[in-house]
1. Restricting to region 455-475, give me the number of residues that are in contact (Cβ under 8 Å) with a residue 40 or more places away in the chain and either of a type in the set (G, A, S) or crowded, with 20+ Cβ neighbours inside 10 Å (or both).
2. When you go through I307, I389 one by one, which is the residue that is of a type outside the set (S, T, N, Q), in the same structural domain as Y192 (by TED's automatic domain parsing) and within 28 Å of A125 (Cβ to Cβ)?
3. Within region 427-440, does at least one residue satisfy the condition of being in contact with a helix residue (DSSP H, G or I) (Cβ under 7 Å, 6 or more places away or on another chain), assigned to a loop (DSSP other than H, G, I, E, B) and of a type in the set (D, E)?
4. Within region 337-353, track down each residue that is surrounded by 10 or more Cβ atoms within 10 Å (Cβ to Cβ) and either part of a loop (DSSP other than H, G, I, E, B) or among the aromatic types (F, W, Y) (or both).
5. Residues that are at pLDDT below 80 and among the β-branched types (V, I, T): find the helices (runs of 4 or more DSSP H) completely inside region 129-168 holding 2 or more of those.
6. Answer yes if at least one residue in region 11-24 is surrounded by fewer than 16 Cβ atoms within 10 Å (Cβ to Cβ), β-branched (V, I, T) and in a helix (DSSP H, G or I), and no otherwise.
7. Has region 188-207 got any residue that is at pLDDT below 85, within 30 Å of A290 (Cβ to Cβ) and in a helix (DSSP H, G or I)?
Amino acid sequence: MKLPVADSAALRAHTGMLLRRHRGGLGRVLLLHTLAATAGLAGPWLLGRMVDAVARGTTTSFVDQAVLLLVVAVLTQTVLIRYAQRDAMVLGETVFAELREQFLGTVTRLPLSTVERAGTGDLVARTTNDIDRVQHTIRFGVPRVLVTAATIVLTLAAAIAVSWQVAVALLAGVPLLLVTTRWYLKRAAAGYLRESASYARLNGTITESVEGARTVDALGLGRRRRERVDADLREAFEAESYTLRLRTVLFPGVDVSFVLPVVATVLWGAWLVSTGSATVGAVTTIAVYALQVMHPIGELIYWLDEIQVGATSLARIIGVQAVAPDRVARPENRPADEHVVASAVRYAYREGHDVLHGVDLDLGVGERLAVVGPSGAGKSTLGRMLAGIHPPTGGTVTVGDVPLVDLPLDELRGHVALVTQEHHVFVGTLEQNLRLARPDADDAELRRALAAVDADWVDGLPDGLATEVGSGGLELSPAQAQQVALARLVLLDPHTLVLDEATSLLDPRAARHLERSLSAVLEGRTVVAIAHRLHTAHDADRVAVVDAGRITEIGPHDELVAAGGEYAALWRSWHQE
């Protein structure tokens, strides 16, 4: 499954909305740059006047006045450009910050089922490569396109005002310029989309190979993973080569179209001067305008190319908004109690391939249930159903007779929470990491939560709770990161907890001690522990054995051992080890 990309209509609508929202700042930038461009037109105009004045005979005072006006024009243009560029940067940062925050809000609200099916590569590429490209376009591209377009229009208007007969020659390069840019723009969007998609696929392959390096090594998959990376690199190379070929046609065509107006102005102007239809000064002024306008046109073409890249990335970014929600919350439904019941639950990651097959499970309030079974049996999937992470593809999971998927996510997490063996330490202080669960918690509550999960190592940190952790800060071990996640769970204080091998990264003795500590803290709460260490099952009120997506046995530990079934075999095997 691929995350969607916005179509051209949605892209235009979103861009129009951004421009309307910031039209005040955009108008100020455009006005300042227009005034600066107008001041820049004074130089060629004064030069042309001096040429005609010298041809007729003039005085040094006239030249001095012209030079003084030129100096004033240059100084005025310098001041205007300074403030125009400052306002353009402020505008770009403002728009980009808004876009980045909007995108982050959208990503954090994506259904987890969609993210898992799409894979991490595409999403990582959109949050890194695509954001960087859009950032560059917004900060520099949009203001420069508006400015260069205004400069070109003003220059043409000034040339016509000087002599429309000579100014006609400026259009000599337009046909070639239009044909070349139209040919390019027709092909560029698809080319850059392919390029972005190829890099997303390559990022995903490399990330998965690095994160699963041990598994790749253990199963001897190195050659297959290298072949996969090589194939993705070939696709990225071909996509990059295609867009490069487009540019090898665009830029030479643009360069030739720049030279034609200058040559045409000189030749056409010379003929007009010979017939008395124009002056040497007018031809000089317009020839300098032709040279002067080359840079804005070149910059405009450059930014049209960059904007194609930015627009492609923006389409990928706002396309994430098109992901359909996997549930519709009904806030009016309120659970009557904390009784969690799963009825005929089925789930399929791919349509037609069920992982769970009609699972029924009634959790008593305050009960501790251990879920055991072989790898790939569906234990973690069942845990996600009980935590409301994914809506079941069949059947229901309810709390207090209300389906979990009918509850708003913030309310759902107050009833049921899931902690897995995969944890993330966010950049910031340890205190900020903990307060993600409860922003209003005071230091005493944070320390009690850490004590509940045996995180006594916090007392030895250089700055205690204020210690910087995560990337660039103190690197926590996997076991410490797991304890931080469990401390968040204690602070969150849900009534029902699903622990998916949540202590697997701790050594057995520490895990055993931590589970006993948590038991005291979580007294009276419903706990579903997906376990690979069977001492967890021994301590539970009931044990559910999951195999091939079904609950094959359920009951207290002693009864299941006495029954001599699957659980008894697992228990004997684990005990011998």
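The values are calculated or read from the model by the stated rules, or taken from the named source; none is laboratory data. Predicted model, so just to flag it, every value in this text is computed and none were measured. With ideal geometry, Cβ positions are generated from the backbone for all residues, glycine too; neighbour counts draw on all protein chains shown.
1. Count: 5.
2. That would be I307, the only listed residue that is of a type outside the set (S, T, N, Q), in the same structural domain as Y192 (by TED's automatic domain parsing) and within 28 Å of A125 (Cβ to Cβ).
3. Scanning region 427-440, I find no residue that is in contact with a helix residue (DSSP H, G or I) (Cβ under 7 Å, 6 or more places away or on another chain), assigned to a loop (DSSP other than H, G, I, E, B) and of a type in the set (D, E), so the answer is no.
4. D337, E338, H339, Y347, Y349
5. In region 129-168, the matching helices (runs of 4 or more DSSP H) lie at 142-162.
6. Restricting attention to region 11-24, the residues satisfying the condition of being surrounded by fewer than 16 Cβ atoms within 10 Å (Cβ to Cβ) are 12-13, 15-17, 19-21, 23-24.
Keeping just the survivors that are β-branched (V, I, T) gives 15.
Still in the list and also in a helix (DSSP H, G or I): 15.
Scanning region 11-24 turns up at least one residue that is surrounded by fewer than 16 Cβ atoms within 10 Å (Cβ to Cβ), β-branched (V, I, T) and in a helix (DSSP H, G or I).
7. Of region 188-207, the ones at pLDDT below 85 are 188-190, 192-193, 196-197, 199-201, 203-204, 207.
Keeping just the survivors that are within 30 Å of A290 (Cβ to Cβ) gives 188.
Of the ones still in play, those that are also in a helix (DSSP H, G or I) are 188.
Yes, there is a match, as at least one residue in region 188-207 is at pLDDT below 85, within 30 Å of A290 (Cβ to Cβ) and in a helix (DSSP H, G or I).
Condition check ((1) closer than 30 Å to V142 by Cα; (2) in contact (Cβ under 8 Å) with a residue 40 or more places away in the chain) across all residues:
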| residue | (1), (2) |
| --- | --- |
| R316 | yes, yes |
| V320 | yes, yes |
| P335 | no, yes |
| Y349 | no, yes |
| G376 | no, no |
